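Each value in this text was obtained by applying a stated rule to the coordinates, not by laboratory testing. Note that the coordinates shown come from a computational prediction; the quantities given were computed from them, not determined experimentally. Because the Cβ atoms are built from the backbone with ideal geometry, glycine has one as well, and the counts that use them run over all protein chains shown.
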Amino acid sequence: MTHPAFEAQLDAYLDDELAAPDRAELEAHLRACPACSRLERRRRALSVALREQLARFPAPQTLRARVRAGARAEASRTALRRVPYWEALAVAASLAVVAFGSWRLALRGAAGEAITNQVLASHVRSLMPGHLTDVLSSDQHTVKPWFNGKLDFSPPVYDFAGGGFPLVGGRLEYVDGRAVAALAYSRRQHVINVFLWPAEPGRTQGPRAGTRQGYHLLHWVTPVYTYWVASDLGLAELRDFVALLQRGDSAAAATVR
Amino acid sequence: MESSELERFEAVVLPHLDAAYTLARYLTRNDHDAQDIVQDASLRALRYFGSFRGTAVGEGRAWLLTIVRNTAYTWRQRHRGDTLTTEFDEERHSDTVADEHPEAVAEAQSERAALRRAIDELPPEFREVIVLRELEGLSYKEISDVAGVPVGTVMSRLSRARRRLEEALCADPEDR
């Protein structure tokens, strides 16, 4: 038996992958050859060292959440394909009424530029491992109360899992000189961050979209909140998401009145 | 997709995320890329889940690891240059050693660091067979499925990888 062939056989033997006749032959050789039995001892020691010393890496909680959220979103997206044609058409028509202006109109001046950069930086930072959420939950009734005592307003939190944008969680951010709510939603492998804080009165404006460093940013102001949305998701799907948010807000406003 | 199908997917795939992430970490040597690869691979797994017919726990694991491995290799081709030069955090996983005997700790840590370095310096084709065999305990047949090579190749890669590790560990004290 040549040496390299023997070495591979020995490894297979130690891995319990050697067929019985070969095993008997190899064991006989090991008994007779001190050099090969030294090799066997070294291999056993290596295997023990590897099993004891090599790090296992448990999947981080955020990764688990992203995978689960992504799977849910993907599953509901493929389920959506089965909705009747006329129904899909009606949904598309209702979304089309959400008008989008161009970016420049929304962000005149250095103040607007500064906020844009802050939102973008917060979004990018949130995508680094472990930064996406302070409260990790797909349950809006867990996320919303989490903000109590942390902000001077109680942000609206929705669960759009049915619409294919499951809630991932929430966290605090600091934008425009104040603490703001950041909510993370997901769509397939994409993360969508929603930043919001109370609006100044009389500044209401419709959604505007722009792109920075490959991320889409959307901004609008309701009578109650200033909204920013950041994501690498395609603009068409982001607009669907914004439409869901707007419908959620107007439904909430209707129940208050 | 039916919700029962999603539940089956979660039952078959999610228990193996630790194994998936460990393999991705060893292949990329980078936390951030490993997370992206596992996420990407899970979604691919979901899309092809209809074609997965396995029932045993081990089958789900080998199937997910195959997808993770292929995703990592595609990823490496696409990002050639960045992922290979990303530095690997040397100390992070050295903290589980008990601290009552400083000398033993130092020795164990240096042994661990030397092993880590030796593993990192292996070509990915060798690194993956070591991880799949020593950490995950996969059989040669399962490794051959995951890596897409014949069982004979698995056997010779494992043997060559181990020889390299032995050589690296024996040579190491003189380096330090």
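Note: relative contact order over the stretch B:1-87, using C-alpha pairs below 8 Å and six or more positions apart, is 39 percent. Each of B:21, A:185, A:174 was scored by other Cβ atoms within 10 Å of its Cβ. Listed from fewest to most, they are A:174, B:21, A:185.
A cut-off of 5 Å between modelled amide H atoms, ignoring neighbours fewer than 5 places along the same chain, links residue A:187 with A:192. Here each label is just a point 7 Å from Cα along the line to Cβ, and for residue B:11 and residue A:174 those points are 4.8 nm apart. Given a Förster radius of 25 Å and the C-beta distance between residue A:117 and residue B:79 as r, what FRET efficiency does 1/(1 + (r/R0)^6) yield to the nearest 0.05? The calculated FRET efficiency here is 0.40. Between residue A:42 and residue A:251, the contour length at 0.36 nm per residue exceeds the alpha carbon distance by 68.2 nm.
Between residue A:154 and residue A:56, what's the calculated FRET efficiency when r is the beta-carbon distance and R0 is 45 Å? Round to 0.05. Between residue A:154 and residue A:56 the formula returns 0.60.
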